[in-house]
Each structure stands twice: as structure tokens, then as C-alpha cells.
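Shown next, in C-alpha cells, is the structure this report addresses.
Laboratory data are not the source of any read-out in this text; all were calculated from the coordinates shown. In this text the structure is predicted, and so the values were computed from the model without any measurement. Every residue, glycine as well, gets a Cβ built from its backbone with ideal geometry; the counts of neighbours run over all protein chains shown.
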Amino acid sequence: MHHFEFKNNKLFAENVNISELAKEYGTPLYVYSAATFRRHFEAFDSAFNGLNHLTCYSVKANSNLSVLKLLAEMGAGMDIVSGGELYRALKAGVPANRIVYSGVGKKAYEIAEALKADILMFNVESVAELHRINEVATSMNKTARVSFRINPDVDPQTHPYISTGMKKNKFGLDMDTALTAYKTAKELSNIEPIGMDCHIGSQLTSIDPFLEALSKLLAFKEKLSSMNIEIEHLDLGGGLGITYDDEQPPHPKEFGEALTKALEGQKLKVILEPGRVIAGNAGILVTEVIYTKSTPTKNFLIVDAGMNDLIRPSLYQSFHNISEVVKNERPKVEVDVVGPICESGDFIARDRELPEVKQGELLAVYSAGAYGFTMSSNYNSRLRAAEVIVDGDDIIVARRRETYEDLLNLES
Ligand code: LLP
């Protein structure tokens with residue numbers, strides 16, 4: 001459920017008319033709904049009330065500072081994957097003891113920054129990384145709390161680019177390697193192993209792969225116990241899918257109930273790292289039709305949002321629902337909605353039925369709140385879009401539109 005709705009044929013974000021927002025702030029424009037963010041976070045977090053748990057929102061999905069602040073105020077922890085995300089999370093006021101740090105390529109300076117902040121734990125993805133963390137921690141006279149990211153070899157049945165828990169993926173440690181890694185960790189002077197972690201993929205629409213991974217992890221925990229290694233944290237990553245088109249992912253409540261049941265009797269602090277399920281449907285991308293153009297075989301709507309603004313359709317052939325911003329009664333036409341970028345792969349939608357739309361009219365691209373702005377770039381020297389948050393009647397400019405000066409700011 002989200003708060004983008006038509007009232008008298010005009011699209012609103014909460015109490016704010018999207019056409020007016022576009023007039024004021026220009027397009028392409030990311031519009032987020034604060035009420036939707038709050039609702040999604042609450043729905044997800046409360047689904048785990050039966051467990052000792054911490055919901056660490058995955059910053060990569062939407063890392064705007066105002067979004068992070070809003071979630072931090074609701075008690076969210078954060079899952080980070082870089083020094084930049086650590087910087088954002090701390091600036092947003094997230095207590096360091098609610099931050100977990102994942103990712104296969106943490107550099108020494110990033111490790112040092114996280115140790116300095118005293119984050120809850122590192123999710124370690126290789127033995128080489130474990131040694132690097134120990135070195136950095138030793139040099140700082142600190143102890144690093146770690147979990148190992150286990151690769152349980154489970155097929156999450158999602159797009160190959162966002163599957164992460166299969167043998168062929170670069171992520172985590174296979175169980176045998178992980179077992180030796182825990183032994184090594186025990187012996188290292190400045191490492192304290194406190195948990196286990198796994199994240200098997202993103203946009204999962206069934207609970208089964210999560211349960212399969214969890215049961216493998218719990219069996220692994222028994223092995224650790226038999227070696228006198230006791231851990232108290234279990235990080236189950238993110239990955240719960242959302243509806244873009246006609247997918248029917250489990251409701252967070254159902255997801256929470258299934259995991260809670262599977263964890264019955266375990267004395268573990270459970271960490272969840274949801275990203276998309278919190279942010280995805282809390283944002284839309286508003287774009288203007290610059291030109292319409294018909295060739296002998298196609299009708300094109302050339303819009304002012306390109307693959308540099310929203311890369312998901314180009315990169316993963318993802319479906320994003322599209323509608324007019326002001327409903328019209330015109331007949332439907334099959335169109336390709338394409339951006340201004342000089343690549344044929346620059347499209348928002350292909351072969352899509354939409355009521356005829358005219359030059360200068362606005363379109364809303366839905367489910368753009370996660371992996372939308374965060375994956376945007378300046379390709380073709382395009383200025384990155386503005387981001388606004390609507391909160392009831394209020395409008396917060398969460399990020400202003402870039403200028404030509406911004407474009408050259410770091411160049412000599
Ligand atoms: N934890 C870890 C370690 C992750 O790598 C990810 C996502 C998450 C949590 C959050 O997963 P979520 O709940 O959002 O599924 N750009 C792609 C998605 C990449 C996901 C990367 N990792 C897309 O647009 O679909």
C-alpha cells in the first residue's frame with residue numbers, strides 16, 4: 001500500500017498534487033511519500049515483534065539523508081556497504097550500535113572508520129577480509145565484532161544479477177570455509193565473532209528460499225556450538241520482494257511469522273536488512289513527454305527521464321508501472337517510453353499500452369523509490385534529478401536538482 005492516489009483524475013502524493021510539484025521543482029523528479037515510508041517500516045518491523053530483533057534498513061536502496069533520518073527516528077538501524085553509507089547513516093543520527101557493515105570489498109580506511117564509530121558488527125565475506133579487519137583493529141587497539149556471511153547455496157529464483165546466495169556468486173563463504181574462518185577468528189587477537197549472516201538475493205517473491213537458507217544456517221550453528229563457538233546474532237539479510245506488476249510477494253507479516261516460527265526456541269538476536277520492501281513503492285519518478293514520434297513500426301514517447309535517472313528497466317529489464325499524471329479518456333496506444341540518452345537500451349518501458357499522451361504532458365513511473373535515484377548517474381552529462389519528500393501537506397526538498405556548476409565542480 002502506498003499514498004500515491006488519483007483524486008478527481010489528478011495524481012496526488014498524500015495531499016500534494018503531482019502536477020504542481022512538477023511545475024515547482026521541474027522534471028525528472030523523484031517524489032517520495034513519508035507516510036508510505038513510515039507505514040512500510042512499521043509493517044516490516046512489527047512483523048518481527050515476536051523475536052528479539054533489529055531492523056537495519058539497507059541504505060543502498062534509497063540513501064537520501066532525509067529518508068535515513070525519517071527511518072532513524074522510527075528506530076531503524078542501517079545496513080551499510082561503504083564508507084559513504086556509514087557517513088550518511090551517522091549524519092542521519094543512526095546510533096552506531098545499530099549499524100551493520102556488509103560487502104565483499106571493504107577497504108582498510110573504511111574498516112577503520114567503522115571501528116572508530118564502533119558499529120555493531122562487520123559481515124565478513126572472505127578470510128582475507130577477516131585478516132585485514134584484524135590488522136586494522138590491532139593498529140587502533142580495538143576489537144572488531146564480526147559475523148561471517150554464509151553462502152548457503154540456495155536458489156532465490158530471482159534475476160541473476162541480484163541472486164547472491166548461490167555457489168557461483170562472489171558473496172560470502174561456503175560452509176566449509178566458514179567453519180575454518182570461525183576457528184581462525186577465535187584465535188585472532190582483535191576479533192570477536194558474534195554472529196552469522198546471509199543474504200541470498202533481492203526481489204524474492206516466495207518465502208521458501210529464505211526458510212531453506214535459515215535451516216542451513218541453524219544446522220551450521222549447531223556445528224559451531226560443537227566446536228564451542230557460540231554466537232548470539234543472526235543476520236538474515238534483506239530481499240523481500242514487492243509488487244511492480246503482478247507479482248504477489250508474501251506480506252511482511254507472513255514473512256515475519258514464518259521466520260519467527262522457524263526460529264522458535266533459539267536465543268538469537270535477529271537482524272533483518274530490508275531495502276526494497278521499505279522504499280520501493282514509497283517513491284515515483286515524474287517525467288515529462290518532450291516529444292512524441294512514430295516510425296513505421298513503433299510509437300515513441302520521448303521523456304525527460306533517461307537510463308541515467310532510472311536504470312532498472314535497461315539493466316534488469318524490470319517492469320515499472322506507468323500512468324498519466326492527469327487521467328485522460330483517450331484511446332490506448334502501444335508505445336515505447338524512451339529517454340534522451342544516446343543508446344537504444346535507454347528505455348523506461350517497451351511495448352506498453354498507455355492512453356495516448358501528448359507532448360508536454362506528465363507521466364508517473366511507479367515503484368521507483370528503491371534503486372532509483374541511488375543508481376542514477378551523470379551519463380551524457382545529464383544533471384541528476386531532484387528528490388522531494390511529501391509529508392501530508394508538507395514538501396521537503398530532500399535533494400535539489402543538480403546544476404551545470406555541480407557537473408564540473410570536481411574537475412580541473
Ligand atoms: N543486504 C545486503 C547484504 C544486500 O546486498 C542487499 C541488496 C540488501 C540487504 C537489501 O536487499 P533488498 O531488501 O532491497 O532486496 N539494484 C537491484 C537490487 C540490488 C540489491 C543489492 N543488494 C535492483 O534494482 O533490483
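Rounding to the nearest 10 and keeping the result within 0 to 90°, find how far the Cα-based axis of helix 175-187 lies from the longest principal axis of the chain.
60 degrees
Using only the Cα atoms of segment 296-345, build the gyration tensor, take square roots of its eigenvalues as a ≥ b ≥ c, and label the shape rounded, prolate or oblate: rounded if a/c is under 1.5, else prolate if a/b is larger than b/c, else oblate.
Numbers: a/c = 1.91, a/b = 1.48, b/c = 1.29.
Prolate, because a/c is 1.5 or more and a/b exceeds b/c.
Residue by residue through segment 25-34, what is 3J(HN,Hα) from phi via Karplus (6.51 cos²θ - 1.76 cosθ + 1.60, θ = phi - 60°)? Round to whole Hz and write x for glycine and proline.
Rounded to whole hertz, the list is 10, x, 10, x, 9, 7, 10, 10, 10, 4.
Mind checking the log10 I(q)/I(0) for segment 219-372 at q = 0.09, 0.10, 0.17 Å⁻¹? Debye, one equal scatterer per Cα, no solvent, two decimals.
-0.44, -0.51, -0.96
Under Stokes-Einstein, with the Kirkwood radius over Cα pairs standing in for Rh, what whole-number D in µm²/s applies to segment 314-402 at 10 °C and 1.306 mPa s?
Approximately 105 µm²/s, per Stokes-Einstein.
When the expected Rg is taken as 2.2 N^0.38 Å, what fraction or multiple of it is the alpha-carbon Rg of the chain?
1.04
Please give me the summed charge of the neighbours of residue 384: other residues whose Cβ is under 14 Å from its Cβ, Lys and Arg +1, Asp and Glu -1. If you can, show how the numbers build up before the last one.
On the way: positive: 382, 399, 400, 401; negative: 304, 309, 387, 402, 405, 406.
Value of the local net charge: -2.
From Cα pairs below 8 angstrom and at least 6 apart in sequence, can you work out the relative contact order of segment 30-121, rounded to a whole percent?
It rounds to 25 percent for segment 30-121.
Quick one: grab the alpha carbon gyration tensor of segment 35-277, order the square roots of its eigenvalues as a ≥ b ≥ c, and give me rounded if a/c is under 1.5, else prolate or oblate depending on whether a/b is larger than b/c.
Cα axes put segment 35-277 in the oblate bin.
Which net charge results when you count Lys and Arg as +1 and Asp and Glu as -1 among the other residues whose beta-carbon is under 13 Å from that of residue 261?
For residues surrounding residue 261, the net value is -2.
If you stretched the chain out fully between residue 261 and residue 6, how much longer would it get, using 0.36 nm times the residue separation minus the C-alpha to C-alpha distance?
87.9 nm
With just the Cα atoms of segment 191-308, tell me how far they stretch along each of the three principal axes, in Å, largest first.
Answer, in whole Å and largest first: 70, 32, 25 Å.
What list of ³J(HN,Hα) couplings, whole Hz, do you get for segment 288-294 from phi and the Karplus terms 6.51, -1.76, 1.60, once you set θ to phi - 60° and write x for glycine and proline?
Once rounded to whole Hz, the list reads 9, 6, 7, 9, 10, 7, 10.
Under 10 Å, Cα contacts only: if you run a Gaussian network model on the chain, which one of 198, 56, 342 comes out with the highest mean-square fluctuation?
It is 342.
So what is the calculated 222 nm ellipticity per residue for the chain, using -39500 (n - 2.57) for each DSSP H run with n of 4 or more, over all residues, to the nearest 500 deg cm²/dmol? Before the final figure, lay out each step's value.
Numbers: 12 runs with 119 residues, N = 412.
It comes out at -8500 deg cm²/dmol, rounded to the nearest 500.
Report, for segment 35-277, the % of DSSP beta bridges that are antiparallel, rounded to 5.
Here the antiparallel bridges make up roughly 5 percent for segment 35-277.
Mind giving me the FRET efficiency for residue 52 and residue 168? R0 is 41 Å, r the Cβ-Cβ distance, nearest 0.05 is fine.
E between residue 52 and residue 168, to the nearest 0.05, is 0.75.
Quick one: work out the % antiparallel among DSSP beta bridges in segment 1-99, nearest 5.
60 percent
5 Å is the cut-off here: which amide hydrogens, built 1.01 Å from N in the peptide plane, fall below it relative to residue 57, excluding neighbours closer than 5 in sequence?
Under 5 Å from the amide H of residue 57: 77, 78, 79.
Quote to one decimal, in nm, the extra length available between residue 254 and residue 20 on full extension: 0.36 nm per residue of separation minus the C-alpha distance between them. Each step should come with its number before you reach the end.
Details: separation 234, 0.36 × 234 = 84.24 nm, distance 3.83 nm.
Stretched fully, the residue 254-residue 20 segment lengthens by 80.4 nm.
Return the long-range amide H neighbours of residue 271 (sequence gap of 5 or more, or a different chain), with a cut-off of under 5 Å between placed amide H atoms.
Answer set, sorted by chain and number: 54, 234, 235, 236.
Please arrange 291, 32, 366, 379 by counting, for each residue, the other beta carbons lying within 10 Å of its beta carbon, fewest first.
The order, fewest Cβ neighbours first, is 291, 379, 366, 32.
Pull out the extension gain between residue 328 and residue 189, defined as 0.36 nm times the separation in residues minus the alpha carbon to alpha carbon distance; nm, one decimal.
Once the chain is fully extended between residue 328 and residue 189, it gains 43.3 nm.
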